[in-house]
Ligand SMILES: [Zn+2]
């Protein structure tokens, strides 16, 4: 377990950890969530992961203000090989 000061800090830490561990096929970026230690039943998504055209997923953080950014075909192949 890793702790952070607030939800925004927890999400940012989770993003950095997920990206640094992207070589590990056991790690699913799309399922990354964070929660308050005292309320672990409420999970907060870390990545947007919205389904876009041609089955691609958004790579950006959850609740991002800009338009979604699709993963490249190479990233998609890698993710589905998990
Ligand atoms: Zn998005």
Tally time: how many residues in the stretch 28-69 are in a loop (DSSP other than H, G, I, E, B), free of Cβ contacts under 8 Å to residues at least 40 places away in the same chain and either within 13 Å of residue 15 (Cβ to Cβ) or within 9 Å of the ligand (Cβ to nearest atom) (or both)? 14
Looking only at the stretch 24-57, and only at residues there that are under 18 Å from residue 72 (Cα atoms) and at pLDDT 90 or above, the one that is surrounded by the most Cβ atoms within 10 Å (Cβ to Cβ): 47
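The values are calculated or read from the model by the stated rules, or taken from the named source; none is laboratory data. Owing to the predicted nature of the structure, the values given are computational and were not obtained by experimental measurement. Don't worry about glycine lacking a Cβ; one is built from the backbone with ideal geometry, like all the others, and counts go over all protein chains shown.
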